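The values are calculated or read from the model by the stated rules, or taken from the named source; none is laboratory data. As the structure is a prediction and not an experimental result, all values here were calculated from the model. Ideal geometry is used to build each Cβ from the backbone, glycine not excepted, and the neighbour counts take in all protein chains shown.
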Amino acid sequence: MGAAVGRRRRASVDQGGCVACGCCVKVCPLSAIQVVKGITAQVDKGRCVGCGKCAKECPASVITIEEATA
Amino acid sequence: MNRTKKWYDYLWIASLTYLILGFFNILFAWLGLLCFFIPLLIAIIGGNKAYCNRYCGRGQLFTLLGGRFGLSRRRDVPRWMKSRAFRYGFLVFFFVMFFLMLWNTYLVFAGAQDLRQVVTLLWTFKLPWHWAYRGTLFHPGTAQFAFGFYSVMLTSTVLGLITMVLFKPRSWCVYCPMGTMTQLICRTRNGKV
Ligand code: SF4
Ligand code: SF4
Ligand code: SF4
């Protein structure tokens, strides 16, 4: 997944607080976030464009949009 | 959206129908056992939360009412509500109340107590509900269980609606006992505590 140049914002999940409800998965337009093994959500940093839809939807508000360091 | 709607995206209709049916005939409440065993079986056998992630009609109902219909303030839930202490505490409380309900059902089966045709909301308020019961071919205990189980379902829906309005649409999922329990099962099963 070639990340678009200049698009450096990515979603990041505070996994300790994630309730694995999957609300984020349903709204992600790029299928960049998945609930892994029923424990926590995980972001595919290669796909995520940092649009923030998941963060808005997350009932536990554990997703933040961060400037990617790499 | 990134995907077309699947059949399971309409399960909110089943959840809504369930609540309505129970208003007319309480014995339909027995069907609610499905929302109890299906998520548990998926978590135990499949080791995932596909029930929450896909099939849960109640969650969809909150998404619809709070999201599409805008009946939600869309604020963050308070910190304590998403703490493990509260989530696990609520799970335990829910189970204690559930077993009390089973105990009352047992008493009716044993003939030690008469059938009480009420739906108990929020474990406190007794709502008359006698119109939804016109006798059963089985033991009155089966009806007592139906009244009790419907009480559980209605109470959780009402709590969910309140937190939907106050916070984000699916705030209920933060402290939903089924959600907490299936996540716990998945953690244990997939070896991450
Ligand atoms: S920020 Fe946007 S693209 Fe990234 S995971 Fe969330 S919804 Fe998907
Ligand atoms: S919406 Fe939030 S709590 Fe639910 S799975 Fe996604 S990150 Fe976790
Ligand atoms: S947490 Fe509860 S209400 Fe939310 S999707 Fe899971 S079972 Fe349904």
Residues within region A:49-70 that are touching a Gly at 6+ places or on another chain (Cβ under 8 Å) and near ligand 1 (Cβ under 7 Å from one of its atoms), tallied = 1
inquiry  = Just the residues that are away from chain B (no Cβ under 11 Å), of a type in the set (A, V, I, L, M, F, W, C), more than 8 Å from ligand 2 (Cβ to nearest atom) and not in a loop (DSSP other than H, G, I, E, B), please, taken from region A:12-54.
reply    = A:V43
ask   = Tell me, which residue of region B:167-186 that is within 14 Å of B:K82 (Cβ to Cβ) and more than 7 Å from every other protein chain (Cβ to nearest Cβ) is nearest to the chain's Cα centre (by Cα)?
value = B:C176
request  = Those residues that are hydrophobic (A, V, I, L, M, F, W, C) and either within 14 Å of chain A (Cβ to nearest Cβ) or within 16 Å of ligand 1 (Cβ to nearest atom) (or both), I need them from region B:143-160; list them, please.
outcome  = B:L159
key: Among residues of region B:111-131, those that are of a type in the set (G, A, S) and modelled with pLDDT of 95 or more, counted   = 0
task = Please find, within region A:28-61, the residue that is farthest from the chain's Cα centre (by Cα) out of those that are within 16 Å of ligand 3 (Cβ to nearest atom) and of a type in the set (D, E, K, R).
result = A:K37
message = Looking only at region B:46-60, count every residue that is part of a helix (DSSP H, G or I) and within 12 Å of chain A (Cβ to nearest Cβ) and tell me the total.
response = 10
task = Collect the residues in region B:53-71 that are over 17 Å from the mean Cα position of the chain (by Cα), within 15 Å of ligand 2 (Cβ to nearest atom) and at pLDDT 95 or above, keeping them in residue-number order.
result = B:G66
request  = Would you be able to say whether some residue in region B:61-69 is part of a helix (DSSP H, G or I), touching a residue at least 40 places away in the same chain (Cβ under 8 Å), among the hydroxyl-bearing types (S, T, Y) and within 16 Å of ligand 3 (Cβ to nearest atom)?
outcome  = yes
